[in-house]
1. Quickly run through the range 1-14 and pick out the residues that are in a strand (DSSP E or B) and either within 16 Å of ligand 1 (Cβ to nearest atom) or closer than 21 Å to I89 by Cα (or both).
2. For the range 190-221, which positions are more than 16 Å from ligand 1 (Cβ to nearest atom), buried (at least 18 other Cβ atoms within 10 Å of the Cβ) and part of a strand (DSSP E or B)?
3. Do we have any residue at all in the range 94-112 that's buried (at least 16 other Cβ atoms within 10 Å of the Cβ) and within 16 Å of ligand 2 (Cβ to nearest atom)?
4. Residues in the range 38-52: is at least one away from ligand 2 (no atom under 16 Å from the Cβ), surrounded by fewer than 17 Cβ atoms within 10 Å (Cβ to Cβ) and in a loop (DSSP other than H, G, I, E, B)?
5. Restricting to the range 76-93, what's the tally of residues that are within 16 Å of ligand 2 (Cβ to nearest atom) and part of a strand (DSSP E or B)?
6. Sort out which residues of the range 111-147 are assigned to a loop (DSSP other than H, G, I, E, B) and aliphatic (A, V, I, L, M), and write them in order of number.
7. Is it the case that some residue within the range 239-253 is at pLDDT below 85 and assigned to a loop (DSSP other than H, G, I, E, B)?
8. Restricting the search to the range 15-37, which residues are of a type in the set (D, E), surrounded by 15 or more Cβ atoms within 10 Å (Cβ to Cβ) and part of a strand (DSSP E or B)?
Amino acid sequence: MSDPVELRNVTKTYDLGGGIKVDALKSINLTIKQGELVSIMGPSGCGKTTLLNIISGLDNPTDGCVIIDGIDITHMGEGDLAHIRREKIGFVFQFFNLVPLLTALENVQLPMVFTGRLSDTEIKERAIELLRLVGLGHRLHHRPTQMSGGEQQRVAIARALANEPSIIVADEPTGNVDQETGWKIIRLIKGLNETLEQTCIIVTHDPAIAQTSKKILYMIDGKIASEPPRLVTTPSLGIPMEERRQLLLAELGWLKSSIEGLERTRTESSREAYTQAKVLYARRLERLERIVQELQEKRG
Ligand SMILES: Nc1ncnc2c1ncn2[C@@H]1O[C@H](COP(=O)(O)OP(=O)(O)OP(=O)(O)O)[C@@H](O)[C@H]1O
Ligand SMILES: [Mg+2]
């Protein structure tokens, strides 16, 4: 199976004109494996956001190759890239990037509306479910300006999860919230990673947060460096069984609606897309069945 993220000799140079150039990334080689939770640390300006943007297809490298789930996206056109972003990647921005005129519920519904696979009712139900999962069942109809920073960030996480992405990319998801809310956010991401085996990449300046992940990458001046992590104390993040159960149920519900939606919207002209999606869903179902079985074995 292909790795979710593979970068080969990726370079990014910003050309500011007048002979001024910034080498934001210098020949980065990086492989992130399925189900890994990776933290990226490094001083301001070392290239962390640039790296995430390139992994997510929000920006193109100047040189090198970007391969996502085995697909080379390096030279993809905007239409195809948008498709990959929608289907495979959930991006949590440092400054939330919610649509200001839309409510929390509408913001979370948006990515699902674009894929057009679920019915309006199913989209709404899933959005409510996701907002409940992030602890915002009581803020469905609030607009971003009517919510706190931590609440907006949790809406942004719910939105990133909407299309059940295989890769979650979060750029300083706790950068603008208090410590307690920050831990809630990390707990949620960790819960998703452990329960649904989603691959997660988190940029953080907080070593305590970085140490909750098995792998920490350090960046310095556009390159990945190896450096031993500093020792700090980290609160325990045991994910209770009930939370895992809810995550699994939400995932199963989404899968069921998506498969039904796929059958409903099936046409002769979309035969290839239909077959591809069907294989994808079958794989996800297989993965879920394995996770459920492992959990049952652990309990039993
Ligand atoms: N659009 C741009 N045009 C020119 N230079 C840029 C652009 N975006 C980023 N840079 C430069 O590239 C380098 C890497 O920036 P990047 O935003 O990736 O840093 P970062 O590690 O995310 O920093 P921070 O921790 O402050 O968010 C910096 O020197 C920055 O000034
Ligand atoms: Mg940044």
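The values are calculated or read from the model by the stated rules, or taken from the named source; none is laboratory data. Computed from a predicted structure; not experimentally measured. A quick note on method: Cβ atoms are made from the backbone with ideal geometry, for glycine too, and the neighbour counts reach across all protein chains shown.
1. Within the range 1-14, V5, E6, L7, R8, V10, T11, K12, T13, Y14 qualify.
2. Within the range 190-221, T199, C200 qualify.
3. Yes, the range 94-112 has at least one match.
4. No, the range 38-52 contains no residue that is away from ligand 2 (no atom under 16 Å from the Cβ), surrounded by fewer than 17 Cβ atoms within 10 Å (Cβ to Cβ) and in a loop (DSSP other than H, G, I, E, B).
5. 2
6. Hits for the range 111-147 are L118, V134, L136, L140, M147.
7. yes
8. Answer for the range 15-37, where residues must be of a type in the set (D, E), surrounded by 15 or more Cβ atoms within 10 Å (Cβ to Cβ) and part of a strand (DSSP E or B): just D23.
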